[in-house]
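I am attaching a structure below and will ask some questions about it afterwards.
Please treat every number below as a calculation from the coordinates, not as lab data. In this text, all values refer to a predicted model and were calculated from it rather than measured experimentally. Note that we place each Cβ from the backbone using ideal geometry, even for glycine, and neighbour counts take in every protein chain shown.
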Amino acid sequence: MPIVTVVDLHCHSTASDGLLSPAELVRRAAANEVEMLALTDHDNLDGLAEARAVAEAEGMRFVNGVEISIEWGGLQVHVLGYAFDAMAPALNAGLEQIRSGRIDRARRMAAELERVGIPGVFEGALRYAENPTLVSRAHVARYLVEIGVSKDVRGVFENYIVPGKPGYVEHRWASLADAVGWIHAGGGVAAIAHPGRYKFSRSEMRTMLDEFKALGGRGLEVVSGSHSVDNVSLFGRLAREYGFLASCGSDFHGPGESYVDLGRTAPLPLGLTPIWEAF
């Protein structure tokens, strides 16, 4: 495989909760000189064909991707899938199962927010969701910014829609075994997304990584747009210890709503095996 130096394996389009269409996203990545891109929309593969067509026209290597919502240890965790067959029946059926619960969750979030004096959230969030079955907390957050509840999306998350805040509701997602199994059924490679974001103790994190490895999980997102320097150092060490392949991605959702732009993350630490060597 040709050597690539600018890689982004985590980003989102309007097929889930991103602001740019798959085509616009790929063109922005090309303008940023990204050489390998994975589109990893939440629980949805609808944007892959459009993104791949534009990537090929731009001379960019494109990797099928997805970010699967699961529950582990009572918290929502995300598992990235890479380089799978987008037509795989088990993967598509599993993602459809997850999507079927998103509208109900959005209705329950809206009801909780109405209790604290913020009405009309469900209808408002749907206006931001190109696909209603993928209505998400990001769409809720954009509506709350629109009506002046918060100045930005990050503030909405911190004050309204994370555990312990008035708009948060429990939801049953897939299991870690489900997600890894679906990805493997499509011939893909599974990786834990942005591990630095999960509020786990050290022992809980190790227990999750032990389970993930036992299930055949192979990757860890060491470099993420949301990771601090300390996060990169910690998860680089854990990747070496567990023998995980190392992934990197911006987690770009759109201009003004992202930690960093496409292709603008730090490089992987030395001594790690890049996950794209497995594609």
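Restricting to the chain, what percent of DSSP beta bridges are antiparallel, rounded to 5? List each step's numbers first, then the result.
Numbers: 12 of 29 bridges.
The antiparallel proportion sits near 40 percent.
Calculate how steeply helix 229-242 sits against the longest principal axis of the alpha-carbon atoms of the chain, using the helix alpha-carbon long axis, and give the answer as 0 to 90 degrees to the nearest 10.
60 degrees
Pull up all non-local amide H partners of Thr273: gap of 5 or more, or a different chain, and H-to-H distance under 5 Å with H placed in the peptide plane.
Ala246
7 Å from Cα along Cα→Cβ at both Thr5 and Tyr259: what's the point-to-point distance in nm?
Here the answer is 2.4 nm between the modelled labels.
Between Arg154 and Tyr242, what length comes free when the chain is fully extended (0.36 nm per residue of separation minus the Cα-Cα distance, one decimal in nm)? Can you show the working numbers first?
Values: separation 88, 0.36 × 88 = 31.68 nm, distance 3.24 nm.
Here the answer is 28.4 nm.
Something else: Over all distinct Cα pairs, what is the inverse of the mean 1/r for the range 102-159, reported as the Kirkwood hydrodynamic radius in Å? Display every interim value, and only then the final one.
Details: mean 1/r = 0.0907 Å⁻¹.
Over the range 102-159, the inverse of the mean reciprocal pair distance is 11.0 Å.
What are the aspartates and glutamates whose alpha-carbon lies under 13 Å from the alpha-carbon of Lys151, with same-chain residues fewer than 8 places away excluded?
Of all the aspartates and glutamates, those that pass the test against Lys151 - Cα under 13 Å, at least 8 places apart if same chain - are Glu257.
Oh, and also: So for the range 102-159, averaging the separation of alpha carbon pairs under 8 Å that are six or more residues apart and normalising by length, what relative contact order in percent results? If you can, show how the numbers build up before the last one.
Details: 59 pairs, mean separation 16.1, N = 58.
Contact order relative to length: 28 percent.
Can you give me the distance in nm between label points at Ile103 and Val162, each placed 7 Å from the Cα along the Cα-to-Cβ direction?
Here the answer is 3.0 nm between the modelled labels.
What number, rounded to the nearest 500 deg cm²/dmol, is the helix-based mean residue ellipticity at 222 nm of the chain, given -39500 (n - 2.57) per DSSP H run of at least four residues and division by all its residues?
Details: 10 runs with 106 residues, N = 279.
Calculated from helices alone, the mean residue ellipticity at 222 nm is -11500 deg cm²/dmol.
Give the label of the value calculated from the structure for volume of the Cα convex hull per residue in Å³, choosing from [x] 140; [y] 116; [z] 149.
Recomputing volume of the Cα convex hull per residue in Å³ here picks out [y].
How far apart, in nanometres, would the label points at Val169 and Ala49 be if each is projected 7 angstrom from Cα along the Cα-to-Cβ direction?
Distance between label points: 3.3 nm.
Further question: Cβ neighbours within 10 Å, averaged per peptide: list 197-203, 130-136 in order, most packed at the top.
Top of the packing list down: 130-136, 197-203.
Using alpha-carbon positions, what is the distance between the centroids of the range 85-124 and the range 149-182, in Å?
After rounding, the separation between the Cα centres reads 11 Å.
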